[in-house]
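Peer 1: The structure that follows is given in the form of C-alpha cells.
Bear in mind that the values in this text are calculations on the coordinates, not laboratory data. If you're wondering where the values come from, they're calculated on a predicted model, not measured in any experiment. So basically every Cβ, Gly included, is an ideal-geometry build from the backbone, and we count neighbours across all protein chains shown.
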Amino acid sequence: MNDFNSLRDTTRRHFFDQCGIGVGAMALSQLQSQASGSDSLNKVSNPLAPKPTHFPAKAKRIIFLFMAGGPSQLDLFDYKPELSRLNGEPMPASYLEGKRFAFMNSSHRVNLLGTHRSFAQYGQTGTWVSDLLPHTAKIADELTFIHTCKTDLFNHAPAKLFMNTGSGQFGRPSMGAWFTYGLGSECDNLPGFVVLQSGPRGPRGGAIHWSSGMLPSTYQGVPLRNKGEPILNLTTPSSVSDAQQVEVLKATAQLNDLRLKEYGDDEIATRINAYEMAYKMQTSAPELMDTSSETQETLDFYGIKDAKESTFARNCLLARRLAQRGVRFVQLYHTNWDHHGGPTENLQEHLPKIATEVDQASAALVLDLKRHGLLEDTIVVWGGEFGRTPMGEVRESTGRNHHIDAFTMWFAGGGFKPGTSYGVTDEFGFGPVQDPVHVRDIHATLLHQMGLNHERLTVRSQGLDFKLTGVLPARIVKEVLA
Amino acid sequence: MTVKPKLHLIPGFFVFAFGFMLICSSRALAEEEVRFNRDVRPILAEHCLACHGFDHAKREAGLRLDTHEGATATLDSGAIAVVPGKPDESELIKRIISDEHDSVMPPPETGKQLSEAQKKVLRQWVQKGAGVEKHWSFERPAKPTIPSVDSPTTAQVHPIDFFIREKLASHSLNPSPVADATTLIRRLSFDLTGLPPTLAELDAFLVDYESNPDSAYTVLVDRLLRSAAYGEKWGRWWLDQARYADSNGYSVDAPRQIWKYRDWVIDAFNKDMPFDQFAIEQLAGDLLPDATLEQKVATGFHRNTPINQEGGIDEEQFRIDSVFDRVATTGTVFLGLTIGCAQCHDHKFDPILQREFYQFFAFFNNQDEPTLSIDPTAEEASKLKQQKSKLELAKTKIIEETAAAVTNWENELSDEQKANLPKYASKAIQIDPTKRTFDHREDLYVTEVGKDDKRYKDLIASIKKIDVRLNKGITSLILKEREKPRETHLFIQGDFTRPSDLVFPSTPSVLPSLPSGEATPNRLDLAKWLVSKDNPLTARVIVNRVWQQFFGRGIVETENDFGTQGAVPTHSDLLDYLAVDWIDEGWSFKRLHRKIVMSQAYRQSSIDRPELRDKDPNNYLLARQRRLRLEAELVRDAGLVACDLLTSHVGGPPVYPPIPPGVMELAQVKREWKESVGKDRYRRGMYTFVYRGNPHPSLNVFDAPEGITSCTRRIRSNTPLQALTLLNDKAFFEFANALAKIIDRDGIESAFRRCTSRIPSEDEKAVLSRLDSISAARVLLNLDETVTRE
C-alpha cells in the first residue's frame, strides 16, 4: 500500500499547492449550482479520477455476466456426439487418474452422461449451440467462444473467488477493483464498479466477490439493490426535506473548508469531494434505476415483462445504462446453475428454466450495446466459476458434478474477434486437447484489452507485489483478439 | 562478456520508492558513509534479489548477491560480479552502467531502472570492499546510547525526542510546537480509549492544564490508562491481528461463538498482562501446566480461522488451509515475516526455505479444534444435573405423598367446578386416573392442595434456576493438543495432495535456535521462543505496530514485513531503544503506551508547515503529528458519546445495532439480524456482530477488517459511501436526533464541543446558526473533524 499512498499523497499535494485555499470554495460552488461537469478538483484529489493506460486500450469497460454455480458447457455449447453415443458407459479410467472432485466420497459416479439437448450449427461460422439458448445462437457470429477455460478450484466459493480475484484465498482485490484502481472511473456520479444480482439467492460467498482486498475500499464493488434503495443509505431520511439536505451539505462543505484552510490536510479536500459525489449519487442512482424512459420495444427486446421486477433481463438493461454512463466494471450475478441432479437442480427441468432466464437478455445486451455504438469499446463476458463433468452424478436424478479442466465462456465486443471458437476439448469434453486457457490467461487478456499490462498493474502488500494474474505465468490469448 | 545469461527479474515488480528512501538517496553520500543495510541492501532487494537472491530455484546465472561469497564468486561464465575494491573489474558495475539492451541490468523488460544515485552507491560499496551485513532485523537489537542534541534542557529531554530531534536536526528541521490543550485531550482520549472526552472531562482538563500543563497531562494519561475503555480500544487493535469475527466465513458463514476470546483480550489489556505471557497463553495456553479456563479460552487466537461448511468439500483440505493460515498469521503478527511466502517454494527474498515453512507448520499440525463449554463448564453442568435430579426426586416424593389428598379433593369437585378449573388442570382431570402422567398429577396437586406448599414452590424455583444456568450455553472455540502427533510432510508447491519429505517442528535457521531438549518441541516451546529475549524480531515488530497507532505509520513502514523487502526503519535506533526498553520493563503495554504519549514528538501539533512540504511531505521525520481519520468502530463510538447515548458496558455477546434494509439478503444463506433494543442498541462499534461474508456496512465502509486474514494495518479510505452513511444511515440519523435535542437544550456551542471537543469560531457559529436543530446536528456529525483525531 505504501506506493499507492505515497502516490496519492503526491498527487494531492501537487493539487493542493496549485489550488491553495480555493478548493473548498470550488466544491461548494459546484454543490450549489449542481453542475454536472467534472472539474480539475475531481481529477486530482479523487482516487477514482481517470488514469492513463499502459498502452492504447481497445476497450473502456467490462460487463461480466457471471453465471453463478457453474453452467453445463456440455448441454449448452460444447457439442460432443461421442459422449452421447457412449451414454451410460463407464468413463475410461485413464481420464480420471489423479483427479479430485467435489462430493468425492458421496455421490460421485464415473458413467458418461450424454446431453439430452439437441445441438445445431448457427451463423456463417457454423457455431454449435444447443436448443436451450436460441437467442444466443442467433448472435453466434458476434461472439467469441473459448471452450477450454480452466480453473484450479472445484468448490463454489473458492472457485468464484478465483475467477474474480485470481486466488482462492480471501483478501485479494476482485477484477472490478483492479480495473477501477488501474484506470479510475469515467463516471463522476456513480461508483466505478457496480454489482447487480438476480436469481433465488446471492452468490456463494457474498461480498468477498466484489471486495477491494488490500486496495482501499474506494475500489470495492457497490451492489445496486433491486429492492428498496439502489445503494445503501442513498435516501435522505424521510423526515428530512430536500431543502434541508442541501443546507446540510452546504454547511458541511463550508465548515470542512474552514478546517482545510487551517490544517492544510488534503484528506479534508478529499472528503469535501466525497460529499459532493454522494450528493450527485442521490440523484443519479435513482435516475439510473428508473427505466421508464426506455421504450416498450427495448423492454420487449430484453424480455422484460415487468420493469419493476428484479430479473436478470432488467439487470442487463441496467448494465447497458451503466455502460452509457461510463461505469468501468459492471458485474451481474445470476444464480443458480448448480445442476447436480438434486430436487431443485436437475438437468431436465431447472437447467432449461435458468437458460431461458438469461438467454434472451444476454443476447439483447450485446445487440443493444451494438446499436448504441457501445459494443466496440465494451467487453461482455459470459461464464461461471467452472463447468460440469461429462460423467453423470446420481442424485434424485442424474446431473453433473463440478468440473475445472475445461468449460466454455463467451466474450463479445471490446476488440474480441467475433465469430470465433477457440480451444478444442477431447471427445467427452473432459479436458483440453488444444489451446487450454487458464483463468489467469483470461485475466491477462481482459487487462490487455483495457490497456493494462497485467505484469505492471500491482499493489504491494505483506512484502509482495500482488497482481490479478498471480505468480504463475499468464498469457494474453491473442488468437481471440481482432 | 563471454556469456549472456538471461537475467529476468520477476516481471511486474514495480515499486514506487518510499519517501524515506528518497530522503536517504538524495542525501549526498560521503564515501565512508555507505552502509550495506542502510544504503546497499534496499537497492539490491528492489532491483536484483528476485533473480540473484536466496531462492535457488529462481537464481539466474548462478549469481547470488546477498552474501559476500556469492557476490564475489567466479560465475560459470568466468565473470565475477563483484571484485572487492575494483569496481571497474566488477561485472555488476559494468552491467548496471551498460547502454546495451541485452546486457544492461536490471533488464529493461522488468520496467526497473537504477537511478544515477543508486549506481553511485553500488560503485562506492564495491570500491570499499563490498562488505555484507546480516539483514538488520535478524540481529538482536541492542539498547542504543541516547544521542546528544543541542538543547538547553537536555536533562529533561524524553528519550524518544532525542532520536526524533537528532534526525530532524540533520535535515535542518524543527519539531512543531505542542498542540493546544483541547487537541491533546482529544488525541489522547481517542488513542488510549477510543472515545472522545466528555464535556466534563474536557472542562476539568482545561482548568488543570492552564495551571500546570505537565502535571495535568500526566494525570490525564494515567487516568485514561486505568479506564476500562483502554482495554476495548487496544483489544480491538489486537483483534484485527487475530482476525477475530463472529461467523465461520466462506459461503455458508454460520454464526460462531468465540466472543469469550474477545473478552479475554480486552481483559488482558486492562490487567496489563505482560506481552510475553499474553503471547504464550494465546499460542499455547492449553499446554501450560494445569491450564486454567481463561488460558484455554486464550487459544481462541488461532481458532479465528474461517471454516468452510460448503457441501462436497474435502475437510482435510480446509483443515490444512487453516494451518497454513496459522503459520502465516504467526509469522506476520509476531515476527513481521512473510513466512507464508515459503508455502510453495523457498522464500524469494528472505532466508526461509520451503522446508523450514513446513517445520514451522509442524507446530500447528497437531491440534484438535474443540468447543469449550464455559458457562456452565462441563463439570458444572454435570453437577447441576445431579442437583437437579435430587430436587426432582424430592418433588416426586411430595406429589406421591399428597396423592390421597388430591384424590379426595378431586372426588369432591362438582362437574361445574371441574369445568372452571384452569386449563392445565381441566385437561389433566379428564384423563383416567390410572393413565395420568407425573405431570398431570403435578398439575392437579398445584391447583388446590399444594397451592400454598412453600417447600414445593422452593423446589420449583431451585430447579428453574438450575435450568437457566444449564441453558446459558456459553462456549468458545479453542485449540487442544493431540496425544498422538500427526505426521507433517512438505507439500510440493503447497499442494496437500502432493506430500513429500517428512519434517519435524523447528524454527527458521536464520533466527536463534530453540533451546535444545530431549522431547520434540511443541507449540509451547515455540511460543516461549517467540517472546524470548534472544528473538530479534518480536519486540521490534510489536513496538513498531504500537508506534503506528500513535503516529499513523510505523518506524518501519512495512509493519508486516521486516524482511529484506521491507522498508528500512526511519529511526532504527529509536526502534531498537523502544524494543529493548520494552522487554527490560517487563513487556508492559501500558508502560510502552505511556512512554510514547509522554514524548514531545507525540504531543506536537499536526498542522502542516510550508517548509515541511518540500523537505518531508510525507512526514517520515515526524516534524509534526498527523491527522488520522478515526477507525470504523470509533466513528460510531464518537457519535454515541457526542449524543450521550453510549452504553459503556464491557464485553459480552455481540450485539445487533440497526442495519440498512436488504443487507442480510445478499448472503448465500440468509441470516437473521434481530435489531438490538434498549441498552444493547448503543454499544461500542467493536461489539457489533461481524459476519465475515457480509460485514455490517457502516463498519465495512470505514475499512473495518472482516476477520478473513490477519490485519496489521487498516486502510483509511475516504469515499462517497462514507458520506452517505454518516448522512443517511438509520443509526447515525438516530444519533442526530439525539444531538438535536441537546442543541435545543444546551445550545449549538455545547453540541459543537461534543463532536469536536473545541469551541466553534464565530464564522462556524454563523454557518450553523442558519440551520434548524436537526440539520445542525447532522452537519456536526458529518464534519471531517468529528471523525478525525488531530
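Peer 1: Please report the orientation-averaged projected area of the range B:375-477, defined via the convex hull of its C-alpha atoms, in nm².
Peer 2: Projected area, direction-averaged: 7.9 nm².
Peer 1: Cα centroids of the range B:612-668 and the range B:292-344: how far apart, whole angstrom?
Peer 2: Taking the Cα centre of the range B:292-344 as reference, the centre of the range B:612-668 is 27 Å away.
Peer 1: Which of B:Asp495, A:Asp257 comes first, and how do the rest follow, when ranked by fewest Cβ neighbours within 10 Å?
Peer 2: B:Asp495, A:Asp257
Peer 1: Pairwise over distinct Cα atoms, reciprocal of the mean inverse distance: report the Kirkwood radius of the range B:19-133 in Å, one decimal place.
Peer 2: After inverting the pairwise mean of 1/r, the radius is 14.3 Å.
Peer 1: Counting only other residues whose beta carbon sits under 13 Å from that of A:Leu74, what net charge do I get with K and R as +1, D and E as -1?
Peer 2: So the surrounding residues net to -3.
Peer 1: Report the local net charge at B:Ala291: Lys and Arg +1, Asp and Glu -1, summed over other residues whose C-beta lies under 13 Å from its C-beta.
Peer 2: -2
Peer 1: If you wrap a convex hull around the C-alpha atoms of the range A:79-190 and split its volume per residue, what is the figure in Å³?
Peer 2: Each residue corresponds to 197 Å³ of Cα convex hull volume.
Peer 1: Restricting to Cα pairs below 8 Å that are 6+ residues apart, what does the relative contact order work out to for the range B:160-223? Please round to a whole percent.
Peer 2: 22
Peer 1: Still on this structure, I have one more. Assign unit charges at the C-beta atoms only (+1 for Lys and Arg, -1 for Asp and Glu), then state the dipole size of the range B:19-133 relative to its Cα centre in Debye, rounded to the nearest 20.
Peer 2: With only Lys, Arg, Asp and Glu charged at Cβ, the dipole is about 300 debye.
Peer 1: Note down the net charge around A:Leu196, summing +1 for each Lys or Arg and -1 for each Asp or Glu among other residues with Cβ under 12 Å from its Cβ.
Peer 2: +4
Peer 1: Now, a different point. Over chain B, with a single point scatterer placed on each C-alpha, what log10 of the ratio I(q)/I(0) does the Debye formula yield at q = 0.07, 0.09, 0.10 1/Å?
Peer 2: These q points yield log10 I(q)/I(0) values of -0.65, -0.99, -1.16.
Peer 1: Another one. Using a 10 Å cut-off around each Cβ, can you sort B:Thr330, A:Thr291, B:Thr145 from fewest to most neighbouring Cβ atoms?
Peer 2: Starting with the residue having the fewest Cβ neighbours, the order is B:Thr145, A:Thr291, B:Thr330.
Peer 1: Taking only C-alpha pairs under 8 Å that are 6+ residues apart, what is the relative contact order of chain B in percent?
Peer 2: It rounds to 17 percent for chain B.
Peer 1: What is the range A:188-296 by shape, rounded, prolate or oblate, if you read a ≥ b ≥ c off the alpha carbon gyration tensor as root eigenvalues and call it rounded for a/c under 1.5, prolate for a/b larger than b/c, and oblate otherwise?
Peer 2: In terms of gyration-tensor shape, oblate.
Peer 1: Now for a different question. Could you tell me which of rounded, prolate or oblate describes the protein assembly as shown, using a ≥ b ≥ c as the square roots of the eigenvalues of the alpha-carbon gyration tensor, with rounded for a/c under 1.5 and, failing that, prolate when a/b is larger than b/c and oblate otherwise?
Peer 2: Rounded shape, in that the Cα axes give a/c under 1.5.
Peer 1: How big is the charge dipole of the protein assembly as shown about its Cα centre, in debye rounded to the nearest 20, if each Lys and Arg gets +1 on its Cβ and each Asp and Glu gets -1 on its Cβ?
Peer 2: 380
Peer 1: Related question: Filter the trypsin sites (Lys or Arg not before Pro) in the range B:220-311 down to the DSSP loop ones having no more than 13 other Cβ atoms within 10 Å, then list what survives.
Peer 2: Passing both the DSSP loop test and the Cβ count: B:Lys271.
Peer 1: Mind checking which lysines have their Cα closer than 19 Å to the Cα of A:Lys227? Skip sequence neighbours fewer than 8 apart in that chain.
Peer 2: Output for A:Lys227: A:Lys305, A:Lys308, B:Lys670, B:Lys730.
Peer 1: Counting other C-beta atoms within 10 Å, and keeping those with at most 15, which DSSP coil GluC sites (Glu not before Pro) do you find in the range B:531-597?
Peer 2: Taking the range B:531-597 and a limit of 15 other Cβ atoms within 10 Å, the loop GluC sites (Glu not before Pro) found are B:Glu585.
Peer 1: Here's a follow-up. How high is the relative contact order of chain A, given as a whole-number percent (alpha carbon pairs under 8 Å, six or more residues apart)?
Peer 2: Relative contact order of chain A: 28 percent.
Peer 1: How about the range A:81-165: which GluC sites (Glu not before Pro) there are in a DSSP loop, with at most 10 other Cβ atoms within 10 Å of their Cβ?
Peer 2: Here the sparse-neighbourhood loop sites are A:Glu97.
Peer 1: What angle, in degrees between 0 and 90 and rounded to the nearest 10, separates the Cα long axis of helix A:22-33 from the longest principal axis of the Cα atoms of chain A?
Peer 2: Approximately 70 degrees, to the nearest 10.
Peer 1: May I ask which of B:Lys128/B:Lys167; B:Lys385/B:Lys472; B:Lys119/B:Lys348; B:Lys167/B:Lys615; A:Lys160/A:Lys417 have a Cα-Cα span longer than 19 Å here?
Peer 2: Pairs exceeding the cut-off: B:Lys128/B:Lys167; B:Lys119/B:Lys348; A:Lys160/A:Lys417.
Peer 1: Next question, about the same structure. For each of B:Asp616, B:Asp240, B:Asp99, count neighbouring Cβ atoms within 10 Å of the residue's Cβ, then give the residues from fewest to most.
Peer 2: In increasing order of surrounding Cβ atoms, one gets B:Asp99, B:Asp240, B:Asp616.
Peer 1: May I pose another question? Counting only helical runs of four or more DSSP H residues, what would the 222 nm mean residue ellipticity of the protein assembly as shown come to if each run contributes -39,500 (n - 2.57) and the total is spread over all its residues?
Peer 2: -12500 deg cm²/dmol
Peer 1: So if the hydrodynamic radius of the range B:712-790 is defined as the Kirkwood radius over C-alpha pairs, what does Stokes-Einstein give as its diffusion coefficient at 4 °C and 1.567 mPa s, in µm² per second?
Peer 2: 98
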